[in-house]
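Asker: Sharing a structure with you now.
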Amino acid sequence: MRIRRVVTTRAGGRSKPPFDSFNLGDHVGDDPEAVEANRRRLARELGLSKDRLMWMEQVHGRTVTIVDGTETGPAEATDALVTDRPGVALVALVADCVPVLLGDLEAGVVAAVHAGRVGARVGVVPAALEAMCSIGARPDRVEVLLGPAICGECYEVPKSMADDVEAHLPGSACRSRKGSPALDLRAGLWRQLADLGVGRIGVDPRCTMEDETLFSHRRNAPTGRIAAVTWMEQ
């Protein structure tokens with residue numbers, strides 16, 4: 001068995017501007033038929049049936065849902081999915097927020113997390129790790145990918161906001177390219193995961209704001225969503 005991780009780009013889909021073209025978000029105002037076609041293509045390219053893709057109704061919180069693949073429709077009001085069932089693919093949708101993919105191969109447990117500023121601040125990633133451990137994972141065996149997200153040089157915020165997030169997610173406050181207060185959520189999450197005992201943490205360095213092959217809400221709102229997907233393959 002192995003753990004698979006895939007991050008999409010905005011190319012190769014059916015959506016028209018401003019969602020062009022491989023938008024996978026069904027909550028952004030895009031044509032539902034185009035989104036459905038894009039989701040069918042995602043499943044086909046991953047070699048999975050469409051009903052094995054597990055989606056979330058993301059709300060920028062810290063709720064975690066454990067799924068087994070029998071669910072119909074997206075998990076309601078949740079920002080992290082966890083499973084120990086092979087072939088069940090967990091999907092996090094982002095367009096500047098951090099997608100976090102976690103996996104413990106020995107335990108056969110994976111998780112996908114949507115970690116925006118609010119979710120990261122309130123602890124959605126530790127909550128996901130705790131849920132993984134409740135079904136057999138161990139932090140020292142977990143491998144993590146912090147996917148494409150807006151970088152600290154681009155993510156300008158008011159100083160009060162940067163200070164508040166830093167108080168809850170140490171290591172995230174930084175300075176933008178202009179020298180103004182900013183946030184690097186991936187840096188804060190990296191430190192948080194390391195403090196929790198996770199020893200293998202990879203970072204996709206792409207910035208969604210700078211890389212036009214990716215969707216960015218801050219750059220192009222309204223816009224689509226890329227997907228970060230993880231599953232266990234036998």
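The numbers here are math on the coordinates, done by the rules we state, and not lab data. In this text, all values refer to a predicted model and were calculated from it rather than measured experimentally. Note that we place each Cβ from the backbone using ideal geometry, even for glycine, and neighbour counts take in every protein chain shown.
Asker: List residues of segment 190-214, by number, whose backbone nitrogen lies under 14 Å from a label position 7 Å along Cα→C-beta of GLU233.
Answerer: What the label zone holds, given the 14 Å backbone N cut-off, is no residue at all.
Asker: I've got another one for you. Within 10 Å of each residue's Cβ, count the other Cβ atoms and sort THR208, THR223 from fewest upward.
Answerer: THR223, THR208
Asker: Right, another one. Hey, fewest Cβ within 10 Å first, where do MET56, MET232 land in order?
Answerer: Ranking MET56, MET232 by Cβ neighbours within 10 Å, fewest first, gives MET232, MET56.
Asker: To the nearest Å, what is the center-to-center distance of segment 54-69 and segment 109-125, using C-alpha atoms only?
Answerer: That distance is 10 Å.
Asker: Sequence neighbours fewer than 8 away in the same chain don't count; with that in mind, list the lysines whose C-alpha is under 22 Å from LYS178.
Answerer: LYS159
Asker: What value in Å³ per residue do you get for the convex hull of the alpha-carbon atoms in segment 169-220?
Answerer: 96
Asker: For segment 63-112, just say rounded, prolate or oblate: build the C-alpha gyration tensor, square-root its eigenvalues into a ≥ b ≥ c, call rounded for a/c under 1.5, and beyond that prolate if a/b exceeds b/c, oblate if not. All intermediate terms of the calculation are to be shown ahead of the outcome.
Answerer: Numbers: a/c = 2.05, a/b = 1.20, b/c = 1.70.
Verdict is oblate for segment 63-112.
Asker: So what is the relative contact order of the chain, in percent, for Cα pairs below 8 Å that sit 6 or more residues apart?
Answerer: 26
Asker: Ok, one more. What dipole magnitude, in Debye to the nearest 20, does the chain give about its Cα centre under +1 on Lys/Arg Cβ and -1 on Asp/Glu Cβ? Kindly include the intermediate steps, with their values, before the conclusion.
Answerer: Numbers: 29 positive and 32 negative charges, 96 e Å.
Dipole of the chain, to the nearest 20 debye: 460 debye.
Asker: Determine the gain in length on full extension of the stretch GLU153-SER134; use 0.36 nm per residue of separation and subtract their C-alpha separation, reporting nm with one decimal. It would help to have the intermediate numbers written out before the result.
Answerer: Values: separation 19, 0.36 × 19 = 6.84 nm, distance 3.68 nm.
Full extension of this stretch gives 3.2 nm more.
Asker: Another question about this same structure. Rounded, prolate or oblate: which fits segment 33-87 when a ≥ b ≥ c are the square roots of the eigenvalues of the alpha-carbon gyration tensor, with rounded for a/c under 1.5 and prolate only if a/b beats b/c?
Answerer: Because a/c hits 1.5 or more and a/b fails to exceed b/c, segment 33-87 counts as oblate.
Asker: With a ≥ b ≥ c taken as the square roots of the eigenvalues of the C-alpha gyration tensor of the chain, please select rounded if a/c is under 1.5 and otherwise prolate if a/b is larger than b/c or oblate if it is not?
Answerer: Taking the square roots of the gyration eigenvalues as a ≥ b ≥ c, the chain is oblate.
Asker: What value, in deg cm²/dmol to 500, does the helix sum -39500 (n - 2.57) over DSSP H runs of n ≥ 4 give at 222 nm once divided by the residues of the chain?
Answerer: Details: 6 runs with 57 residues, N = 234.
Helices in the chain give a 222 nm mean residue ellipticity of -7000 deg cm²/dmol.
Asker: Here's a follow-up. What fraction of the DSSP beta bridges in the chain is antiparallel, stated in percent and rounded to the nearest 5?
Answerer: Of the beta bridges lying entirely in the chain, close to 75 percent run antiparallel.
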